[in-house]
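Heads up: the structure comes next, in structure tokens.
The values are calculated or read from the model by the stated rules, or taken from the named source; none is laboratory data. Small disclaimer: the values here were computed from a predicted structure and weren't measured. Cβ coordinates were reconstructed from backbone atoms using ideal geometry, including for glycine residues, and neighbour counts include every protein chain displayed.
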Amino acid sequence: MRLVVVFLWMVVGTVLSLETSAGSLYDEHFPPLHPNCTQSLTDLILLRQEVQLKELKEEEKASSRILRQIADILTDVRNSLNRTSISCPGNFINFGDTCLYLAKDTDVTWEASRVYCQGLGGDLAVFRDANEFAEALGYVKGSGLIGTTDVWVGGNDLSLEGEWVWISGEDMPRGTPFWGHYNNAREPTGGISQNCAFLKGQDGFTIHDAPCDWKRKPLCQMKHI
């Protein structure tokens, strides 16, 4: 009986020893999780998502930039096609929505200028806005005229003194940048004796009023064909 008890105690001791040894091996190869391990993993996932979002934003910017470049190219192509489809007859040159021709070798009265331009299929030039006026000035200034040359345009107040209109029937714009100055006063200043409009070379080819029987060079205008 005593031997049996001793044997049982030996078995129990061996089992306890094995359990202790197994626990040490487990702890050695599989250490317990650090308390901050879960937080570190979460931070890593969030950081990865942040990087991916940043990459997506950069791709969107690049795509938008490419689309804008394509749109600009298509606009240039369209404008080029429009320019090549525009035709101005004879000596007329395309400017904006119309064709212009400056008769540099002709000096006639305002009425004769209209007849001259009508004979070419147009009439004296009119400017409905500052852009058209700037285009016409660029053409006149670049035509090689000397600074004292004057040019007739299609404006007058023949029907009613002080009511300046284009030959098309539209009211002429007043003030800057259209009308120039004479004796420190804004044109038109000539009163009933000066009823026709011209571009005065000595004032940067801005508009002035003058007697209609003066002889000046016609600036003719016509629509595209």
The number of residues in the range 155-195 that are aromatic (F, W, Y) and in contact with a Phe, Trp or Tyr (Cβ under 7 Å, 6 or more places away or on another chain) is 1
Looking for something touching a residue at least 60 places away in the same chain (Cβ under 8 Å) and assigned by TED's automatic domain parsing to the domain that holds I146 - is there at least one such residue anywhere in the range 189-197?
yes
key: Condition met for K215 (charged (D, E, K, R), more than 19 Å from Y139 (Cβ to Cβ) and in the same structural domain as L158 (by TED's automatic domain parsing))   = yes
Output for Cβ contacts, cut-off 6 Å, separation at least six or different chains, first residue farther than 17 Å from K215 by Cβ in the range 152-165, second of a type in the set (S, T, N, Q) and assigned to a loop (DSSP other than H, G, I, E, B), reads D157/N195; L158/N195
So for the range 169-186 (the condition being outside any loop (DSSP other than H, G, I, E, B), surrounded by fewer than 16 Cβ atoms within 10 Å (Cβ to Cβ) and acidic (D, E)), does at least one residue qualify? yes
The lone condition V151 fails out of (1) in a loop (DSSP other than H, G, I, E, B); (2) in contact with a helix residue (DSSP H, G or I) (Cβ under 7 Å, 6 or more places away or on another chain); (3) under 17 Å from K217 (Cα atoms) is (1)
| request: Determine whether the range 114-130 contains at least one residue that is of a type in the set (F, W, Y) and assigned to a helix (DSSP H, G or I). | output: yes
In the range 154-168, anything part of a loop (DSSP other than H, G, I, E, B), in contact with a Gly (Cβ under 8 Å, 6 or more places away or on another chain) and not β-branched (V, I, T) is listed as E161, W164, S168
key: Selection status of S143, surrounded by fewer than 17 Cβ atoms within 10 Å (Cβ to Cβ) and either touching a residue at least 40 places away in the same chain (Cβ under 8 Å) or outside any loop (DSSP other than H, G, I, E, B) (or both)   = yes
Residue hits (the range 164-188; of a type in the set (G, A, S) and within 20 Å of L124 (Cα to Cα)) are S168, G169, G180
